[in-house]
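K.L.:
Have a look at the structure that comes next, please.
The values are calculated or read from the model by the stated rules, or taken from the named source; none is laboratory data. Note that the structure is a prediction, hence the values are computed from the model and not measured. Neighbour counts run over all protein chains shown; Cβ positions are idealised from the backbone, glycine included.
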Amino acid sequence: MIDVIIERKRVSNADLSAILDISLPTVRRDLAVLEQAGVVTRTHGGVVARGVGEDATEPLFLEKVRQNQNLKQRIGQAAAAKVLDGQVVLLDSGTTALATAHALAGRRVTIVAIDLKVAEAASVGATEVHIVGGRVRNGYFSLVGNWAKEALSSIRADICFLAADAVDHDGITTATFEEAETKQMAIQRAKRIVVITDHGKFGKRAFAQVCGLDAIDELITDRGGANLVASYRPLIPAITLV
């Protein structure tokens, strides 16, 4: 069902019933579960994927989480291996950050999250999780705005794992100005900045500039981007391929 909703963005209950060959009561029951999970919004006689209309060029969280899952898991595990017990970790939003949160969950570290899903994933066992305030971007679950920036301004982190919508030789870019501002504040509050992204983001440019490559201490990406990454080696002090 969720695949149909993501593809069509907006769809009626009747269409879902016909496409999936299920009854209308079943459609309504399943949509109630999806709405409670925060991934759709029910309308009169239909449903809308969360985030529709906010930025048509940026995939929703549920679309992103299905892309390159194995690569993101490897990147997340490699990122977690860079963290020492007792450290404070600033963890960005997005699905690669989510994979990193899963890899860190349960360890004796402190995580400051700027994403609801990331905070939820990391909240296991001995891991201490703090979440910044701000506006939730529906369909994406990241936190943006003045409250988020104000909270970030009061913390100091040992390491920031920074996600990216796009990477080119001019730096890191993301889909919205609000996301860029939050990421910029996160960069200012950490001793070490590590970009975590899969090879599909290289050679691209998104709408809003986050930082130049000179702000980055390390890049962690997958081996699928080995050829693309070669030209970045003179510009980034350390690159880890997984």
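K.L.:
Go through the range 115-144 residue by residue and tally those that are farther than 16 Å from ALA175 by Cα, crowded, with 19+ Cβ neighbours inside 10 Å and within 13 Å of the chain's Cα centre (by Cα).
P.N.:
Counting residues in the range 115-144 that are farther than 16 Å from ALA175 by Cα, crowded, with 19+ Cβ neighbours inside 10 Å and within 13 Å of the chain's Cα centre (by Cα) gives 4.
K.L.:
Additional query: Filter the range 145-167 for residues that are surrounded by fewer than 16 Cβ atoms within 10 Å (Cβ to Cβ) and either among the acidic types (Asp, Glu) or in contact with a Ser or Thr (Cβ under 8 Å, 6 or more places away or on another chain) (or both) and give the result.
P.N.:
Within the range 145-167, GLU150 is the sole residue that qualifies.
K.L.:
Still on this structure, I have one more. Consider LYS72 against the criteria (1) surrounded by 24 or more Cβ atoms within 10 Å (Cβ to Cβ); (2) more than 23 Å from ASP3 (Cβ to Cβ); (3) modelled with pLDDT under 95: it satisfies all of them except one. Which criterion is unmet?
P.N.:
So LYS72 meets the others, but not (2).
K.L.:
Could you list all residues from the range 139-162 that are assigned to a loop (DSSP other than H, G, I, E, B), out of contact with any strand residue (DSSP E or B) (no Cβ under 6 Å at 6 or more places or on another chain) and at pLDDT 95 or above? Break it down stepwise before answering.
P.N.:
The first filter runs over the range 139-162 and keeps only residues assigned to a loop (DSSP other than H, G, I, E, B), leaving 139-141, 145, 154-156.
Next, from what is left, pick out any that are out of contact with any strand residue (DSSP E or B) (no Cβ under 6 Å at 6 or more places or on another chain): 139-140, 154, 156.
Of everything in the range 139-162, those that are assigned to a loop (DSSP other than H, G, I, E, B), out of contact with any strand residue (DSSP E or B) (no Cβ under 6 Å at 6 or more places or on another chain) and at pLDDT 95 or above turn out to be SER154, ARG156.
K.L.:
Against the conditions (1) more than 20 Å from ALA80 (Cα to Cα); (2) modelled with pLDDT of 95 or more; (3) charged (D, E, K, R), where does GLU178 fall short? Just the number, please.
P.N.:
Here GLU178 meets the rest and fails (2).
K.L.:
Look through ASP165, ASP217 and report the one residue that is closer than 21 Å to SER93 by Cβ and within 18 Å of the chain's Cα centre (by Cα).
P.N.:
Working: ASP217 fails: within 18 Å of the chain's Cα centre (by Cα).
Answer to the selection: ASP165.
K.L.:
Give me the pairs: first residue in the range 90-112 and assigned to a loop (DSSP other than H, G, I, E, B), second residue among the acidic types (Asp, Glu), beta-carbon distance under 6 Å, and six or more apart or on different chains, which are they?
P.N.:
What qualifies is SER93/ASP115; ARG108/ASP85.
K.L.:
If a residue has to be hydrophobic (A, V, I, L, M, F, W, C) and either assigned to a helix (DSSP H, G or I) or exposed (fewer than 14 other Cβ atoms within 10 Å of the Cβ) (or both) to count, how many in the range 183-242 make the cut?
P.N.:
If we filter the range 183-242 for residues that are hydrophobic (A, V, I, L, M, F, W, C), which is where we start, we get 185-187, 190, 193-196, 202, 206-208, 210-211, 213, 215-216, 219-220, 226, 228-230, 235-236, 238-239, 241-242.
Applying the additional criterion that residues be either assigned to a helix (DSSP H, G or I) or exposed (fewer than 14 other Cβ atoms within 10 Å of the Cβ) (or both) yields 185-187, 213, 215, 226, 228-230, 238.
Total satisfying the criteria: 10.
K.L.:
Name the residue that is nearest to LEU143 (Cα to Cα), counting only residues in the range 163-182 that are part of a loop (DSSP other than H, G, I, E, B) and touching a strand residue (DSSP E or B) at 6+ places or on another chain (Cβ under 8 Å).
P.N.:
First pass over the range 163-182, keeping only residues part of a loop (DSSP other than H, G, I, E, B): 164-165, 169-170, 175-176.
Subsequent filtering for residues that are touching a strand residue (DSSP E or B) at 6+ places or on another chain (Cβ under 8 Å) retains 164-165, 170, 175-176.
Values: ALA164: 15, ASP165: 16, ASP170: 25, ALA175: 14, THR176: 12 Å.
Applying the filter and picking the extreme gives THR176.
K.L.:
So, one more: Within the bounds of the range 227-242, is there any residue that is closer than 30 Å to ILE5 by Cα and either among the aliphatic types (A, V, I, L, M) or in contact with a Cys (Cβ under 6 Å, 6 or more places away or on another chain) (or both)? Outline the logic, then answer.
P.N.:
Applying the first criterion (closer than 30 Å to ILE5 by Cα) to the range 227-242 yields none.
For the range 227-242, residues closer than 30 Å to ILE5 by Cα and either among the aliphatic types (A, V, I, L, M) or in contact with a Cys (Cβ under 6 Å, 6 or more places away or on another chain) (or both): absent.
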